[in-house]
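Read through the structure below, which is laid out as structure tokens, and then see the notes.
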Amino acid sequence: MSMDIKALVKEQAEAWSGVVPPNAVSEELAAGFASLMAGLSALRGQLAFEDEPSSFEAALQATKEPNP
Amino acid sequence: MNIAIKPPGTLTSLSLTEAADAVAKGETTAVALTEAALAAIAAGDERVNSFIWLEGEQALETAARLDKVPKAERGKLHGVPLAHKDMYYKAGKLSTCGSKIRAEFRPGYTATVIERLEAEGSFALGGLNMAEFAQNATGHNQHYGHCHNPWGLDYCPGGSSSGSGAAVAARFVHAALGSDTGGSIRLPASLCGVTGIKGTQTRVSRHGVMPLSFSADNVGPLARSARDCARIMAVIAGHDPKDATSSKEPVPDYEAALDGDLKGIKIGVPKNYFLDDVDPDVMAGFEAMLGVLEGRGATLVPVTIPHMDAVATYGGVVSRVEGATIHAEWMRRQAQDYAIHLNSRLYASLGIPAVAYVEALSRRGPILKAIAAAVFSEVDVFVAPTIRCKAPTLLSTDVDAGTPGALDAFNTLSLNTRPINYMGLPSVSAPCGLDSNGMPIGFQVQARPFGEGKALKVVDAFQRDTGFHRERPSGFAA
């Protein structure tokens, strides 16, 4: 993937939220999103939206301890 | 009547349930417990820095009033002094949230969990140190000073409920509320050698509690034992009309189920993810713990937890985006008022797109169902080390000081806890040994949703045969 992730995050944070990088560490963290993007990319095709609308609360009920 | 009055020196060593029971039997008083706690804090907190603020005189007045309450009107926690992470609102009282931004914040209403604890007769001595806005796993705080681990002052106490773990470990208080979005109860419980529980997502009301992540925040106690946690959970759990997200599931009598009997209980030992790259000292403590559970009658069953790549990836996305959303206004106006490790994290999280967030949220239910089908059809609970590494030092994890490698060390701490928040499962962390540096090691027990009682039962059984939860750091109150 040949993209400038720092620039991507900077553009998104500023354009959508009006927030600029507060320091150098913040840009370092933004650059670290390469691994998060890779993680999300690796999940593509593995899971389907099988519950629509998806409800986490319903899943808690469906899987709950029968004898609490 | 021949009642053995407990001398002050032994009072701080009592667990929460022992202290409450001693008050109920007339063996001690709320005033005596409070005086002992304040003396321990005066003698030791200069080293630990677990309190952000302390109201000793007011606590003594409250204790004196409680001692006059007729026995028939007393609750389950009557007369026991506590203190909580400084993010539980009480009308008119300071609630700094560990931040400069809220240094003078005094909410106009009281958290439901605080009302419930007070209705049972407990009261708070003050506000405990915490990570700024509950957003680090180490215990660093640039505004109120870092909290130190009583077992080794150079070491991390764990976060974000750093003061809660440290104050319970140092025997300043019998128990304390923490909060857990990615491990913030279980990490300080593990590093400080105490017991802590994060309930099922939705199990405890969050009304009047500083929000971090709507989907993953949990309220729970850190205390001396599983029995202590059981008693507090029975008080604070249950539906709250003021928190529409809180569950209407009935609250069982957790304490009554603690019988020490693990015969017929199947305990899952993960074959994947949770035991990856675990430090040998931690592994030795974990394996010894398994042996104790087997000795109590449990059967160990190797299990594979499905979708762990997805859980690990999505879990971070949800809490980061929700936290960044909550803090966006302050980030626009006063980003410099946050510590570097926090404003940098909040800023970067604004770069995660909405589709990634919605994807992470929408797959949470199906993933939980898949995990339940694969794991909880085979076992009652599954266990794991709470933290994979030995206790790190404050210096080695100080991102703000620019310590090389600090970011990685910082993130390593929550590898085994954050996934549980995404799954929404109840989880109890308890001590199971000391590492080669003399610092506590912890393990965590996960059960099905609303299976808090089962997880507590397993930990209680372990604590019946071991003394790790009774060990305390040297140099602090007996």
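Observations on the model:
- Solution diffusion estimate, µm²/s, Stokes-Einstein, the protein assembly as shown, Kirkwood Rh from C-alpha pairs, 10 °C, viscosity 1.306 mPa s: 69 µm²/s
- Spin-label pair B:VAL301/A:ALA31, simplified geometry with 7 Å Cα→Cβ offset, distance in nm: 4.8 nm
- Cut-off 13 Å, label 7 Å out along Cα→Cβ of B:GLU61, residues of the stretch B:108-129 by amide N: none
- Projected label distance in nm at B:GLN336 and B:MET283, using a 7 Å step from Cα toward the beta-carbon: 4.9 nm
- Hydrodynamic radius (Kirkwood) for the stretch B:339-459, which is based on Cα pairs only, to one decimal in Å: 16.8 Å
- Most to least accessible of B:ILE101, B:ILE267 (protein chains only, probe 1.4 Å): B:ILE101, B:ILE267
- The stretch A:5-62 - accessible surface per residue (Å², probe 1.4 Å): 58 Å²
- Karplus-derived HN-Hα couplings along the stretch A:59-68 (A = 6.51, B = -1.76, C = 1.60, θ = phi - 60°), whole Hz, x at Gly and Pro: 5, 4, 5, 5, 10, 6, 4, x, 10, x
- Three principal axis extents describe the C-alpha atoms of chain B; from largest down they are 65, 57, 46 Å.
- Descending semi-axes in Å of the stretch B:190-234, equivalent ellipsoid built from Cα gyration tensor: 21, 12, 8
- Delta accessible area of at least 40 Å² on complex formation, residues of the stretch B:362-385, 1.4 Å probe, chain isolated as reference: B:SER362, B:ARG363, B:PRO366, B:LEU368, B:LYS369
- Ligands, DNA and RNA left out, the 1.4 Å accessible surface of the stretch A:5-62 is 54% carbon and sulfur atoms.
- Projecting the alpha carbon convex hull of the stretch B:291-344 along each direction and taking the average yields 6.9 nm².
- Extension gain for the segment B:THR412 to B:THR325, taken as residue separation times 0.36 nm less the Cα-Cα distance, is 28.9 nm to one decimal.
- The shape of the stretch B:209-278 can be summarised by an equivalent ellipsoid whose semi-axes, obtained from the alpha carbon gyration tensor, come to 26, 21, 13 Å from longest to shortest.
- Measuring nothing but protein heavy atoms, the accessible surface of chain B at 1.4 Å probe radius is 53 percent carbon and sulfur.
- Flagged links, alpha-carbon separation over 22 Å, of A:LYS64/B:LYS457; A:LYS64/B:LYS266; B:LYS266/B:LYS457; B:LYS93/B:LYS242; B:LYS93/B:LYS248: B:LYS93/B:LYS248
- Taking both sides together, the accessible area buried where B meets A is about 3800 Å² for a 1.4 Å probe.
- Restraint check, B:LYS90/B:LYS369; B:LYS25/B:LYS390; B:LYS68/B:LYS90, Cα-Cα greater than 30 Å: B:LYS90/B:LYS369; B:LYS25/B:LYS390
- Positions from the stretch B:307-344 whose accessible area shrinks by 50 Å² or more when the full protein complex is built, not the chain alone, probe 1.4 Å: B:THR313, B:ARG332, B:SER344
- Taking each DSSP H run with n ≥ 4 as -39500 (n - 2.57) and averaging over every residue of the protein assembly as shown yields -11500 deg cm²/dmol at 222 nm.
- Solvent-accessible surface, computed for protein heavy atoms with a probe of 1.4 Å, shrinks by 50 Å² or more for the following residues of the stretch A:20-49 when the other protein chains are added to the isolated chain: A:PRO22, A:VAL25, A:LEU29, A:PHE33, A:LEU36, A:LEU40, A:LEU43, A:LEU47, A:PHE49.
- Karplus 3J(HN,Hα) series, Hz, for the stretch B:456-468 with 6.51 cos²θ - 1.76 cosθ + 1.60 (x for Gly, Pro): 5, 4, 5, 5, 4, 4, 4, 6, 6, 9, 9, x, 4
- The alpha-carbon positions of the stretch B:1-157 define a convex hull whose volume is 117 Å³ per residue.
- The stretch A:5-62: equivalent-ellipsoid semi-axes (sqrt of 5 x gyration tensor eigenvalues, Cα, Å): 32, 16, 11
The values are calculated or read from the model by the stated rules, or taken from the named source; none is laboratory data. Note that the coordinates shown come from a computational prediction; the quantities given were computed from them, not determined experimentally. FYI the Cβ positions are ideal-geometry reconstructions off the backbone, even for glycines, and counts take in every protein chain you see. What goes into the accessible areas is simple: the full protein's heavy atoms, side chains included, and nothing from ligands, DNA or RNA. Shrake-Rupley method; radii C 1.70, N 1.55, O 1.52, S 1.80 Å.
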